[in-house]
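The values are calculated or read from the model by the stated rules, or taken from the named source; none is laboratory data. Please read these numbers as outputs of a predicted model, since none were measured by experiment. Neighbour counts are summed over all protein chains in view; Cβ atoms, including those assigned to glycine, are modelled from backbone coordinates with ideal geometry. To get the accessible areas, we keep the full protein, side chains included, count just its heavy atoms, and leave off ligands, DNA and RNA. Shrake-Rupley method; radii C 1.70, N 1.55, O 1.52, S 1.80 Å.
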Amino acid sequence: MTVAEHLELTALVIERYGWAQGTHRTTTGRRCILGAQAVLYRLGMGDDTTVATAGQHLQDVLAARGCTATYAAWNDHPDRTRDDVLALIRDAAKVAS
């Protein structure tokens, strides 16, 4: 699995199960970025290197936007929206392609 594929699937998990803040997974199955990556990892969709590189691409996109927060903290910011999160993940997937 490529890093770009892992990121696209991360976005799909959030679209399908919902987006979460302040937790990796809610009781109803919604997930933050890290939580969505974790479920894919547990399902064998990427290894440690894939996940780490995907995370670096997310950080690089945020840095290019002038953001110094980690993508986990960025996900949890009170003004963040599901659409913001999906756009970040898909922008990182494009960079990874």
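Could you grab the pairs with beta carbons closer than 8 Å, sequence gap of 6+ or different chains, first residue in segment 72-89 and small (G, A, S), second one not in a helix (DSSP H, G or I)?
A72/C32
Residue by residue through segment 22-60, note down the ones that are out of contact with any Gly (no Cβ under 9 Å at 6 or more places or on another chain), at negative phi and among the small types (G, A, S).
G35, A36, A38, A52, G55
Tell me which residues, restricted to segment 1-29, are part of a loop (DSSP other than H, G, I, E, B) and over 18 Å from A73 (Cβ atoms).
We begin by selecting, within segment 1-29, every residue part of a loop (DSSP other than H, G, I, E, B); these are 1-2, 18, 20-24, 26-29.
Matches in segment 1-29: M1, T2, G18, T26, T27, T28, G29.
Please go through segment 19-36 and give me each residue that is open to solvent by less than 80 Å² (accessible area, probe 1.4 Å), without any contact (Cβ under 8 Å) to a residue 60 or more places away in the chain and in contact with a strand residue (DSSP E or B) (Cβ under 9 Å, 6 or more places away or on another chain), ordered by number. Working first, answer last.
So in segment 19-36, the residues open to solvent by less than 80 Å² (accessible area, probe 1.4 Å) come out as 19-23, 26, 29, 31-36.
Checking the rest, the ones that are also without any contact (Cβ under 8 Å) to a residue 60 or more places away in the chain come to 20-23, 26, 29, 31-36.
Result: A20, T23, R31, C32, I33, G35, A36.
Whether any residue in segment 2-18 is hydrophobic (A, V, I, L, M, F, W, C), closer than 16 Å to R90 by Cα and open to solvent by 70 Å² or more (accessible area, probe 1.4 Å) is what I want to check.
Taking segment 2-18 first, the residues hydrophobic (A, V, I, L, M, F, W, C) are 3-4, 7, 9, 11-14.
Now narrow it down to the ones that are closer than 16 Å to R90 by Cα: 3-4, 7, 9, 11-14.
Then keep just the ones that are open to solvent by 70 Å² or more (accessible area, probe 1.4 Å); that gives 12.
Scanning segment 2-18 turns up at least one residue that is hydrophobic (A, V, I, L, M, F, W, C), closer than 16 Å to R90 by Cα and open to solvent by 70 Å² or more (accessible area, probe 1.4 Å).
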